[in-house]
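Report on one structure; see the data block that follows.
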Amino acid sequence: MASMADFTETQAEAGRTLRVTGRMTLSGLADFPQRLDAVEAPVAAIDISALDRIDTVGAWIVHRFAARTGAKILGASDEAARLMSLVSRSEESVRVRPEAPNPVVRVVTEIGDATVVALRTLAGLVAFFGAILVATWDIMRHPRRLRINAIVHRFELVGVKALGIIGLMSFLIGIVIAQQGAVQLQQFGAEALTVNLVGRITTRELGVLMTAIMVAGRSGSAFAAQLGTMKLTEEIDAMRTIGVSPIEALVIPRMLAAIVMMPLLGFYATVVSIFGGGLFCWVSLDLPPITFVQRLQEVIPITDLWVGLLKAPVFGAIIALSGCFQGMQVESNAEQIGLRTTSAVVQAIFLVIVLDAFFAVFFSQIGWI
Amino acid sequence: MDLNAPIAIRVRGICNSFGDQVIHDGVDLDVRNGEILGVVGGSGTGKSVLMRTIIGLQRPIAGEIEIFGEPMTEEDSDAQLDLRRRWGVMFQGGALFSTLTVAENVQVPLREFYPGLTPQLLDEIAAYKVVMAGLPANAGPKYPSELSGGMKKRAGLARALALDPRLLFLDEPTAGLDPISAAAFDELTMSLSKTLGLTVFLITHDLDTLYAICDRVAVLADHKVVAVGTIPELLATDHPWIQSYFNGPRGRAAQTAVDRHMAKGA
Ligand SMILES: Nc1ncnc2c1ncn2[C@@H]1O[C@H](COP(=O)(O)OP(=O)(O)OP(=O)(O)O)[C@@H](O)[C@H]1O
Ligand SMILES: [Mg+2]
């Protein structure tokens, strides 16, 4: 293997001459460029006749050195001369990154941009919701345009495939609520009330809320990533040109799937949580299952079930809406898909929790306490 | 590894299949050092898969590949890494990193293999490579999504040339380019190959490219390389696909164009 690039200085009456030896190729450089940069200006000549090998990077370094110090290039082989002329022809000032503005301007611009983006997002979300309503109206007038296959497929992905994880989560949450509740209630000798706690909190709130969070994480993110990727690969544009409305073909099935599946999953989660709580009561409070079920019937008003089930489709709609909306906003690059997917989930969970608070106030105002 | 070995790529008995779909069944091919080898074949005959196999992205079921006399293996030994920096690849779809600018795309392989380079030198290298690949200087800070199809191809070429490779793989470089840009790209490939002493493995459907710059052409059909040679040599064979390829209406048009060009030059 030839040696690394190196140089020696000799002093002649015409001035200093650098004599370069070794491999002037990317792999032979090491700290050669820095050392060459440290050589001070007037240099009479740079002699490259003793080089082992040279590539365009080597040629560029020699070319740049000669331009900086005014040195003449001596002893270039045919190959070196060819490469040198290639790189000198390719010399132009090229920016590597887009220009970065000064920090003050940047901060102000960023604040402005963020405000505009926030307002645009809001407007865009409303417009998107409008487009969905229009598409829904169209489909209602021409029911044949409803894509049954796509919808059933979504039902499977959003609903059926989620049963395992949601079941496990709900079961554990049921146990945790029962266990924590029992510890506190025992202090008042009221551990029998654990049934009320588990039954009511899961039916009214936690069953649906936890399901919504799980669906946002599972399906909301998937919606955003799928639509985002399709946007990037121009699949959505292709659909439009073929005359297929992306809202009809992609968004409506996902909306429907989320709206229909959320109440079902929410109910399932509630039942499994209660089962978990019941199991705990049986094992550690010696409350037999029969009694547990009887007590449940006494303490849970039917309105609790309605509270849970009425909220569920609204949450589903919110999750699908923000997932699809964020997906459709993807532009230009892969990083956007990540950002938009994150926003979809964060936005969905945030909106779900805000709405849940409104629902809580609303239902207690109308007397469903 | 011997960079001056007479055979740059030696492919022996490569077999590939996806499920029960056989793609290659005993492909043999020699790419000579310093030549531009055109690879042709119908759509879906496995040209891209062959390229992916040679550069180690696809593991063949059987067969051997030697590059500059060095057998390709799976391991990450120094010799294998050294081999990998000897080639540049331009993919059919461009495969530029979408979150990096064109110039930064060129810097990626440099940073990866030579972490010692100073930022200033990196920027300079990226700059001249971008211009060398025939891009305008203002394309440097642009993102791939802001480029036209032809510019993407050139950016892909600039990145493929980043490490000063000895071996260049081009997958349909002129597909989708207008005839003027395609001709310019051919010329660029040719002059780079001559100036830099590159061996080029060029997959193409473009008959003009074949006539204009390829030293030899390999034909992929029936899961094998059925013929390799200069175009006149191929014309002399009687394989039906080769005949209909070169003697079809487009083939003849490209040929007359070359003849006319030669006559004018003479
Ligand atoms: N990852 C993969 N999985 C399954 N099949 C594949 C895969 N990649 C390629 N194929 C199949 O292998 C065959 C050859 O594909 P390849 O991309 O090599 O074709 P090609 O000769 O490059 O065609 P073109 O000229 O259209 O680019 C095709 O039939 C394709 O369907
Ligand atoms: Mg291909």
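The values are calculated or read from the model by the stated rules, or taken from the named source; none is laboratory data. Being a predicted model, the structure only gives us computed values, none of them experimental. Here the Cβ is made from the backbone with ideal geometry for all residues, glycine too, and neighbour counts use every protein chain on show. For the accessible areas, the whole protein counts, side chains as well, though only heavy atoms, and no ligand, DNA or RNA atoms are used. Shrake-Rupley method; radii C 1.70, N 1.55, O 1.52, S 1.80 Å.
For B:I67, are the conditions met, namely being more than 14 Å from chain A (Cβ to nearest Cβ) and within 12 Å of ligand 1 (Cβ to nearest atom)? Spelling it out, it is not the case that B:I67 is more than 14 Å from chain A (Cβ to nearest Cβ) and within 12 Å of ligand 1 (Cβ to nearest atom). Only residues that are open to solvent by 80 Å² or more (accessible area, probe 1.4 Å), more than 14 Å from chain B (Cβ to nearest Cβ) and over 26 Å from the mean Cα position of the chain (by Cα) were counted in region A:91-117, giving 4.
Going through region A:288-334 one residue at a time, which ones are aromatic (F, W, Y) and surrounded by fewer than 19 Cβ atoms within 10 Å (Cβ to Cβ)?
The answer is A:W306, and nothing else.
Among the strands (runs of 3 or more DSSP E) confined to region B:145-226, the ones with at least 2 residues that are within 14 Å of chain A (Cβ to nearest Cβ), away from ligand 1 (no atom under 16 Å from the Cβ) and crowded, with 22+ Cβ neighbours inside 10 Å are located at B:167-171.
Okay, residues lined up against (1) within 17 Å of A:A317 (Cα to Cα); (2) at pLDDT below 90; (3) open to solvent by less than 40 Å² (accessible area, probe 1.4 Å); (4) outside any helix (DSSP H, G or I):
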{"residue": "A:R120", "(1), (2), (3), (4)": "no, no, no, no"}
{"residue": "A:G124", "(1), (2), (3), (4)": "yes, no, yes, no"}
{"residue": "A:A127", "(1), (2), (3), (4)": "yes, no, no, no"}
{"residue": "A:G130", "(1), (2), (3), (4)": "yes, no, yes, no"}
{"residue": "A:V134", "(1), (2), (3), (4)": "yes, no, no, no"}
{"residue": "A:N149", "(1), (2), (3), (4)": "no, yes, no, no"}
{"residue": "A:R154", "(1), (2), (3), (4)": "yes, no, yes, no"}
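Let me confirm something: among A:V87, A:V107, A:V117, A:V126, which residue is of a type in the set (A, V, I, L, M) and more than 29 Å from A:Q329 (Cβ to Cβ)? Unique residue meeting the criteria: A:V87. Out of the residues in region B:6-25 meeting the condition of being in a strand (DSSP E or B) and away from ligand 1 (no atom under 16 Å from the Cβ), tell me which one is surrounded by the most Cβ atoms within 10 Å (Cβ to Cβ). Going through the qualifying residues, I end up with B:A8. The set of residues in region A:50-64 that are buried (at least 19 other Cβ atoms within 10 Å of the Cβ), within 12 Å of chain B (Cβ to nearest Cβ) and touching a strand residue (DSSP E or B) at 6+ places or on another chain (Cβ under 9 Å) comprises A:I54, A:D55, A:V57, A:G58, A:A59, A:I61, A:H63.
Going by what's in this entry, would B:A183 be described as more than 30 Å from A:T229 (Cβ to Cβ), away from ligand 2 (no atom under 16 Å from the Cβ) and modelled with pLDDT under 85?
Criteria not met by B:A183.
Against the list (1) open to solvent by 30 Å² or more (accessible area, probe 1.4 Å); (2) away from ligand 1 (no atom under 16 Å from the Cβ); (3) not charged (D, E, K, R), the condition B:I61 fails is (2). If we keep just the residues of region A:76-90 that are touching a strand residue (DSSP E or B) at 6+ places or on another chain (Cβ under 9 Å) and at the interface with chain B (Cβ under 9 Å from one of its Cβ atoms), which is nearest to A:V57 (Cα to Cα)? Selected residue: A:L83. At least 1 residues being over 49 Å from the mean Cα position of the chain (by Cα), small (G, A, S) and farther than 16 Å from B:Q120 by Cβ is the threshold, and among the strands (runs of 3 or more DSSP E) wholly inside region A:1-73 those reaching it are A:6-12, A:15-24, A:45-47. Candidates B:V40, B:V108: the one that is among the β-branched types (V, I, T) and within 16 Å of ligand 2 (Cβ to nearest atom) is B:V40. Checking B:L83, B:L96 one by one, the residue that is in a helix (DSSP H, G or I), away from ligand 2 (no atom under 16 Å from the Cβ) and buried (at least 18 other Cβ atoms within 10 Å of the Cβ) is B:L83 and no other.
The residue pairs whose first member lies in region B:91-118 and is over 24 Å from A:S93 (Cβ atoms) and more than 9 Å from chain A (Cβ to nearest Cβ), whose second member is open to solvent by less than 50 Å² (accessible area, probe 1.4 Å) and assigned to a loop (DSSP other than H, G, I, E, B), and whose beta carbons are closer than 6 Å, counting only pairs six or more residues apart or on different chains, are B:Q92/B:E172. When region B:46-58 is filtered for residues that are near ligand 2 (Cβ under 9 Å from one of its atoms) and either open to solvent by less than 20 Å² (accessible area, probe 1.4 Å) or not small (G, A, S) (or both), the ones remaining, listed by number, are B:G46, B:K47, B:V49, B:M51. Every residue in region A:16-46 that is under 20 Å from A:A81 (Cβ atoms), more than 14 Å from chain B (Cβ to nearest Cβ) and open to solvent by less than 60 Å² (accessible area, probe 1.4 Å), please. Once the filter is applied, which keeps residues that are under 20 Å from A:A81 (Cβ atoms), more than 14 Å from chain B (Cβ to nearest Cβ) and open to solvent by less than 60 Å² (accessible area, probe 1.4 Å), region A:16-46 yields A:T17, A:L18, A:V20, A:T21, A:G22, A:V43, A:A44, A:A45, A:I46.
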